[in-house]
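One structure below.
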Amino acid sequence: MKFLSKITVLLLALTMIAGCFAACGVANAPGTETGTQQESSAESVPSGTQAGTEAETKAEASGFVDYASTVKFDPNSGRASAEVTVKTFVDGDTTHFNINDPSFQGGVLKARYLGVNTPESTGQIEPWGKKASNFTKETLKEATSIIVESDSTTWNPDSTGDRYLVWVWYKTASDTDYHCLNLEILQQGLAVASKSSDTVYADICVKILNQAVNNKLHVHSKEKDPDFYYGNAMPMTLKELKTNIESYRDKTVSFEGVVIRNSGQTAYIEEYDDETGLYFGIQVYYGYNLGSHGEAILTVGNRVLIVGSVQYYETGGTYQISDISYRAMKPDDPDNIQKISDGHTGAYTEVSAKDLLTKKIDIEITETDDDGNESLITKSYDYGFLTMHGSASLKDLVIKSIYTTQNEDSSNFGALSITCEARDGTEIVLRTIVLKDADGKTITASAFPIGSIIDAKGVVDVFNGVYQLKVFSANDITFRN
């Protein structure tokens, strides 16, 4: 009987330990891009490892302990660190910073936040992803000083080799001490832990994670994210989408169009509208989520059905479709992108530089008020906005100057911005990707002599609020003299 009693006690203890692990182990969000964008699986942290002070224990019993505020930045730690400024916000746990350090290409450190893994909000869209992304952005926008700190004496790349794992510290005008944003994200329940047990702040991460799990905060809750669209895709034309795009932000839509370009995990789609005589365009960012079968659907020349989420791409200052998927085992899944037909070509409508930059188009649209009443109104749009990410061609341009990108990340190093002048004096920029010749060598500015007269075709794009033409191949620029 004593032997059986000991076995019973042992089984009970093992059951309690397993329950503790199950309560604290949180499923990891899938990884991403970009442009791209995540790594590592979430860890399970037993709440029994928590060892707080008596004051912390009492505070936690009341509901919340601000553990993150107890950690202070130590400039004498010996770990690699540097003061930085924000270059680009990507998502909740990824930010690109400007850094004065020659070891980083173009002075840009692509930071992957240590210890945390937030839900996706770029290539994929997941519940609480937008909230996490906005928390990071709004916090750092208020910062008067930002410091990135490695977990060791050297800068350590993540598994992609393109980003660096760092702690992000900030302070505002009203602060005397720096705050650790990584820990605050975890404390808000906007992330699961990501290899935090291997870091210098492992103990505090355990306490913070346990508290967030116990309080069922955000990703640890069963509540629905109020900012996430849970409904079915809304079918529409590309014209309907572009003329009402703000009202569809963060919602899932479906529409048809022809793939005219595919570059950098982004497909460019256009669709003709009989009523206006315009080719409406949009870009679709698919990241690394589709697999070979899905990517084949987005082959140039295919007419496709796109199903995805309408997102505002802040880096590019434009809207795009993301969170698209393809399930090869379920080709008829209504959430899949689908190939309709092939053998199509881009229209590459000839347009004047002046029209692309300044022309307005009046379109009659249906507007719905707060009471659900519909009415027809006429709204004026930029020609460039409606056709943006669709095809266009410009002719008889004189090359005035060329700028070669040299201070960006390696993917853009060598790209050209060719400023041209039309015959009516209108200036417009042709922005190229990194152009290659038949031998794979980068084509430089010397291939486009100043004063040359050229024709060009590409995709309508925008930079700093000014429309331009994005060119994807040297063959898309032809000389007339």
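Some points to look at:
- When Thr122, Thr118, Thr95 are checked against the criterion of being buried (at least 16 other Cβ atoms within 10 Å of the Cβ) and modelled with pLDDT under 95, a single residue qualifies: Thr122.
- Within the range 458-472, the set of residues being in contact with a Lys or Arg (Cβ under 9 Å, 6 or more places away or on another chain) and at pLDDT 95 or above comprises Gly458, Val459, Val460, Asp461, Gln468, Leu469, Lys470, Val471, Phe472.
- Filter result for the condition that a residue is open to solvent by 10 Å² or more (accessible area, probe 1.4 Å) and touching a strand residue (DSSP E or B) at 6+ places or on another chain (Cβ under 7 Å), over Leu209, Leu298, Leu305, Leu238: Leu305
- Which listed residue is surrounded by fewer than 18 Cβ atoms within 10 Å (Cβ to Cβ), out of contact with any Gly (no Cβ under 6 Å at 6 or more places or on another chain) and under 15 Å from His96 (Cβ atoms), from Thr176, Thr144, Thr160: Thr160
- If you check Ile340, Ile377 for being outside any loop (DSSP other than H, G, I, E, B), touching a strand residue (DSSP E or B) at 6+ places or on another chain (Cβ under 6 Å), under 23 Å from Tyr286 (Cα atoms) and of a type in the set (Val, Ile, Thr), only one passes: Ile340.
The values are calculated or read from the model by the stated rules, or taken from the named source; none is laboratory data. Values in this document were obtained by computation on a predicted structure and should not be read as measured data. Note: ideal-geometry Cβ built from the backbone for every residue, glycine included; neighbour counts use all protein chains shown. SASA here: full protein model, heavy atoms, side chains in, ligands and nucleic acids out. Shrake-Rupley method; radii C 1.70, N 1.55, O 1.52, S 1.80 Å.
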